[in-house]
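Here is the structure we will look at, set down as structure tokens.
The values are calculated or read from the model by the stated rules, or taken from the named source; none is laboratory data. Since we're looking at a predicted model, the values are computed, not measured. So basically every Cβ, Gly included, is an ideal-geometry build from the backbone, and we count neighbours across all protein chains shown.
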Amino acid sequence: MSQIQVQQELGKAKNALQDFLIHKLLIPKVYLDAEWNGALVDVLAIDRAGVGDVHAVWMILDDQKGEEVIWRVLDFVRRFQSFSSHYRYVAVVCGPPSLRKAHEVVEESAIREALAEDGVGRVGILHVDLSEDNPPVKVILKAERYRSSKEIVELADRFVAEHTPNWEVRD
């Protein structure tokens, strides 16, 4: 696949994830390719018109190189346990054959790995099926809310004030 095709596929996946969050949340502000607290987030959504929970999604493009996607998902899950957001997701972006692999990730050690150390919060795992015209997003492992903090609230307030969302409801 050429670099342009890869970018187009990832863009298609970002749109699908944006649509998923728009329908899941109450009046969110959605940002694509957001730099949040020093880390690049593929899709960032802040619920309740920018004053609610922060949802961060990182994408992994499964380029059909065997079981490598499972280890990449687990790596993302581990890396973002201490990330500053209320909800965290890893989205496996691929066609239908890899949906089986995404389920295998959950069936192995991902459920334990995805839980916060204290049990409050869990990284969610999503699957974006690019084989369809309107790629569906399927929840493989449901995300659970992490503890809030003054830092997350302050980050959200600053971010909303300084950035223009890719999608929002306007009066």
Somewhere in segment 56-63, is a residue surrounded by fewer than 19 Cβ atoms within 10 Å (Cβ to Cβ), more than 16 Å from the chain's Cα centre (by Cα) and within 25 Å of E132 (Cα to Cα)? yes
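Taking the conditions exactly as written (modelled with pLDDT of 85 or more, part of a helix (DSSP H, G or I) and crowded, with 18+ Cβ neighbours inside 10 Å), does V77 satisfy them or not?
Working: modelled with pLDDT of 85 or more: yes; part of a helix (DSSP H, G or I): yes; crowded, with 18+ Cβ neighbours inside 10 Å: yes.
So V77 passes the test.
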Could you list, in sequence order, all residues of segment 12-41 that are charged (D, E, K, R) and under 17 Å from K138 (Cα atoms)? K12, K14, D19, K24
Might you let me know whether segment 92-103 holds any residue that is part of a strand (DSSP E or B), in contact with a Lys or Arg (Cβ under 9 Å, 6 or more places away or on another chain), surrounded by 19 or more Cβ atoms within 10 Å (Cβ to Cβ) and modelled with pLDDT of 95 or more? no
Count of segment 35-53 residues which are over 12 Å from the mean Cα position of the chain (by Cα), surrounded by fewer than 22 Cβ atoms within 10 Å (Cβ to Cβ) and either modelled with pLDDT under 95 or not acidic (D, E) (or both): 9
Taking segment 115-139 on its own, how many of its residues are touching a Leu at 6+ places or on another chain (Cβ under 8 Å), surrounded by fewer than 21 Cβ atoms within 10 Å (Cβ to Cβ) and closer than 18 Å to H55 by Cβ? 4
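Within segment 117-164, track down each residue that is part of a strand (DSSP E or B) and of a type in the set (K, R).
Going residue by residue through segment 117-164, those that are part of a strand (DSSP E or B) are 122, 124-129, 137-141, 144.
R122, K138, listed by residue number.
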Hey, any hits in segment 160-171 for a residue that's closer than 23 Å to D33 by Cα, of a type in the set (F, W, Y) and modelled with pLDDT of 95 or more? no
From the list A45, A34, A39, A49, pick out the single residue that is in contact with a Pro (Cβ under 6 Å, 6 or more places away or on another chain), under 21 Å from A156 (Cβ atoms), of a type outside the set (D, E, K, R) and touching a residue at least 12 places away in the same chain (Cβ under 8 Å). A45
